[in-house]
Amino acid sequence: MPGRIIFLNGTSSSGKSSIARELLLMLDEPYFHLPVDSFHAMRSRREIPAEELPDVLHRTWRGFHRAVAGMAAAGNNVVVDHVLSEEWRLLDCLELFPARDVVLVGVRCSLEELRRREQARGDRPAGLADRQFELVHSHGLYDIECDTTAAGAADCARRISDFLPHQPRPTAFEKLRTALRPDLRAVG
């Protein structure tokens with residue numbers, strides 16, 4: 001049996017990693033938190049020429065998706081925090097992840113609060129959340145959504161945890177797969 005994937009999608013600084021940490025504390029079954037930032041952090045620190053960077057980043061994201069799929073295929077439950085700011089990322093995940101076992105969570109936050117958090121963090125390029133804001137939720141479909149503008153990470157994690165036993169079928173991932181990847185209808 002594949003593991004469940006709790007897929008947190010939102011802009012940079014929206015609170016995905018904080019929600020993931022809270023989920024790990026409250027879920028009864030073992031879960032692994034796989035943040036995409038950890039995959040970027042594993043890369044060597046040598047300078048990458050600007051013309052090579054897009055290809056390196058693309059390969060990193062593709063490898064990340066396959067690592068998540070591999071963990072779930074081995075029967076592990078996974079909490080993923082991700083930024084679906086490019087359509088190909090969602091399409092790749094739709095192909096790789098068992099759609100019936102994915103809980104797609106929209107993590108939203110007001111643009112003003114995202115800007116404040118980004119500046120306070122100081123570890124993100126200025127304007128990153130602004131650039132992602134309109135793109136990250138453009139697919140428009142979730143199983144559950146949280147808004148971290150006012151709600152804390154623990155409150156959002158509790159909502160997600162309470163939702164899990166009642167996830168309706170078809171899942172948002174199943175609906176998106178049918179709409180965006182009709183070539184995969186017969187696949188998990």
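The values are calculated or read from the model by the stated rules, or taken from the named source; none is laboratory data. Just so we're clear, the structure is a prediction, and the values are computed from it rather than from any experiment. Here the Cβ is made from the backbone with ideal geometry for all residues, glycine too, and neighbour counts use every protein chain on show. With ligands, DNA and RNA removed, areas are computed over all heavy atoms of the protein, side chains included. Shrake-Rupley method; radii C 1.70, N 1.55, O 1.52, S 1.80 Å.
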Exception for A74 within (1) out of contact with any strand residue (DSSP E or B) (no Cβ under 8 Å at 6 or more places or on another chain); (2) buried (at least 18 other Cβ atoms within 10 Å of the Cβ); (3) within 14 Å of P2 (Cα to Cα) falls at (2)
Among the residues of region 103-112, the number that are of a type in the set (V, I, T) and open to solvent by 40 Å² or more (accessible area, probe 1.4 Å) is 0
Scanning region 3-37 for residues that are open to solvent by less than 50 Å² (accessible area, probe 1.4 Å), more than 11 Å from the chain's Cα centre (by Cα) and closer than 19 Å to G70 by Cβ gives G3, Y31
All-but-one check, D55 against (1) within 24 Å of R181 (Cα to Cα); (2) surrounded by 14 or more Cβ atoms within 10 Å (Cβ to Cβ); (3) acidic (D, E), failing number (2)
*Mind checking whether some residue in region 66-85 is closer than 20 Å to P182 by Cβ and touching a residue at least 40 places away in the same chain (Cβ under 8 Å)?*
yes
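Every residue, every condition in (1) out of contact with any Ser or Thr (no Cβ under 7 Å at 6 or more places or on another chain); (2) hydroxyl-bearing (S, T, Y); (3) buried (at least 19 other Cβ atoms within 10 Å of the Cβ), yes or no:
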site	(1), (2), (3)
L91	yes, no, no
A129	no, no, yes
G152	yes, no, no
I160	yes, no, yes
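Matching residues to (1) on the phi > 0 side of the Ramachandran plot; (2) crowded, with 17+ Cβ neighbours inside 10 Å; (3) modelled with pLDDT of 95 or more:
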| position | (1), (2), (3) |
| --- | --- |
| L94 | no, yes, yes |
| D101 | no, yes, yes |
| L114 | no, yes, no |
| G122 | yes, no, no |
| P125 | no, no, no |
| T148 | no, yes, yes |
| T171 | no, yes, yes |
Across region 77-89, the tally of residues that are charged (D, E, K, R) and surrounded by 19 or more Cβ atoms within 10 Å (Cβ to Cβ) stands at 2
